[in-house]
Each structure stands twice: as C-alpha cells, then as structure tokens.
Amino acid sequence: MSKFADTLRMSIEWYVEHLDRDGKVIWSDKGVNSLALDGENFHLTDLYRGQTSQVERFYIALVNYTPTKTSVMNDLTGEPNGLGYERQLIERDATGFPTLALDAGDYQITSKTVTFTASGGNWSTVTYAILTNLWGVTWTANTSKSIGDWVRPTSPNKHLYKCTTGGTTGSTEPTWPTNGGTVNDGTVTWQDMGTGLLISYFQLSTPRTLADGESLNCTLKVKQTTA
C-alpha cells in the first residue's frame, strides 16, 4: 500500500433545490465546489497565516456567467437585480455552519440552508451559484448608519462600501469612488471596499429561471476525507 494512501483531503459540495410557490421540490442538484484563485488564497492565508480579516462573513449569490479559476468578482455579470433578490448571508460562525459531526468516519461541517425567492415577477436565468465575502443593503437617504455597516449604490457598480464614520446619510446619493477611496455622505463616511472575493463557484446542472413565488435553496457541506 502506498504511504500516501491515507492522505487527508477536503471535499466541498453544493446542494441546491428549486421549489415551486407551494414549496414542492421541482428540481434538485448537488456537485463539487470549484475554488477560484481568490478562494485558494483565502483558505491558505487564513489557515496558515491567521489573516482572518479577509472574510468576516460569507454570502451566496446567483449569476448568469461562467466563472473560471482566474475569475474575480468584477468579472461576473448576470446577477439578478430586484424582484426580491438578495445575496444570502452565511455567517462565519456556528450560526452559519451549525452542524459539525462525523460522517462515515470523517468530520463534515454543514451550512445552514439559505433561500432565494422571486417576488413580484420572474427572474432571468441563472447558471451558477457563487460564494463571496461582501454585500450590503441598498443606499437610502436620511438614514442612520453605524460604523461597520455596509451599503451598495442604488445603481449597482459591483463595489461595496463600509461605514467608517457613523451618522446620517444625506438627502442626495453621493458619487461613489471605485478606487479604494472614501466619500462623505451627510455625516457618514463610506470606504470603498472593492468588489469582494470570488471564493468559489458551482455550475447548476440545468439553468434555472425562477417564476414569481418560486425559490432556490442552497446548502454547503465541507468534509475532510481520506483519499
């Protein structure tokens, strides 16, 4: 027997279900996760260098785009906009990943299931689920904000902005920087945090178009396996 026969590896799988408006499963899928270069870098620097600031939390998003290993978030197009769509939060803690247990002799951690639901109309086709690290609420005028809050522009530019000085937003939306700079907004200061990390992606076996009231459920399972 090879001395490498018991090498430990990590396997990450996506589980996706398409539900009709009555909650009945009309399609399901599962498959292996693909790491982008950003994701590889995050895993290595986080585990071995302790640089946890790269990712405070995870979000699952849906796109109509074909990522590759070298893709970054700024490349991606075809993310739904409106009609109830929001990237879905998976906390980087025991809330986001509530189940850690042995599975067939190896440890497996399972995320909570997040749900995307079309509301008020039909979504355009999506072909991939992706894992990223940034998102925020849509900017609104005359709104109280605290340090650490996140927003995105009303006309998305792919960049996300973090509140570094708390206060109240202005009556007019600011001109958002895309060069890493800051912008004043009423008594709030926003820091451009870029477009985020494309950590990983999963191709749906069949492109999905959600009709009004239909949903997609997504779950991640990460398992340490013995080759």
Which trypsin sites (Lys or Arg not before Pro) in region 177-227 pass both tests, a DSSP loop state and at most 13 other beta-carbon atoms within 10 Å?
none
Place a point 7 Å from the Cα of residue 143 in the direction of its beta carbon; the residues of region 73-100 whose amide N falls under 18 Å from it are 81-89
Listed residues 174, 153, 67; largest mean-square fluctuation, Gaussian network over the chain with Cα springs below 10 Å, found at 174
By how many nm would the segment from residue 164 to residue 41 lengthen if fully extended, with 0.36 nm per residue of separation less the alpha-carbon distance?
41.6 nm
Net +/- balance of residues flanking residue 92 in space, Cβ distance below 15 Å, scoring K and R +1, D and E -1:
-1
With unit charges on the beta carbons (Lys and Arg positive, Asp and Glu negative) and the dipole taken about the Cα centre of region 136-194, which residue among 189, 167, 157 sits farthest to the positive side?
157
Treat every Asp and Glu Cβ in region 127-227 as -1 and every Lys and Arg Cβ as +1, leave all other atoms uncharged, and give the resulting dipole magnitude about the Cα centre to the nearest 20 debye.
380 debye
In deg cm²/dmol, rounded to 500, what helix-only [θ] at 222 nm does the chain give when every DSSP H run of at least 4 residues adds -39500 (n - 2.57) and the total is split over its residues?
-2000 deg cm²/dmol
Could you give the nm distance between label points at residue 24 and residue 212, where each point is 7 Å from its Cα heading toward the beta carbon?
2.0 nm
As straight-line cross-link partners of residue 223, the qualifying lysines (C-alpha separation under 26 Å, not fewer than 8 residues apart within one chain) are 3, 30, 69, 112
Gain upon complete extension [residue 122, residue 81; 0.36 nm per residue less C-alpha separation]:
13.7 nm
Would you work out which of 16, 135, 220 lies farthest towards the positive end of the dipole of the chain, given +1 charges on the beta-carbon of Lys and Arg and -1 on that of Asp and Glu, about the Cα centre?
220
Suppose every Lys and Arg Cβ carries +1 and every Asp and Glu Cβ carries -1, with no other charges. What dipole size does the chain come out with about its Cα centre, to the nearest 20 debye?
280 debye
Loop by DSSP (not H, G, I, E, B), at most 15 other beta-carbon atoms within 10 Å: where is the longest site-free stretch of the chain for GluC sites (Glu not before Pro)?
87-227
Mind listing P(r) for the chain? All alpha-carbon pairs, 5 Å bins, whole percents.
1, 6, 12, 16, 18, 16, 13, 9, 5, 2, 1, 0, 0, 0, 0
Between region 114-171 and region 36-91, the alpha-carbon center distance in angstrom:
15 Å
Cα pairs beyond 18 Å in region 136-194, in percent, come to 16 percent
Order by protection proxy (mean Cβ within 10 Å, highest first), peptides 41-50, 112-121, 185-194
185-194, 112-121, 41-50
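The numbers here are math on the coordinates, done by the rules we state, and not lab data. Predicted model, so just to flag it, every value in this text is computed and none were measured. Neighbour counts are summed over all protein chains in view; Cβ atoms, including those assigned to glycine, are modelled from backbone coordinates with ideal geometry.
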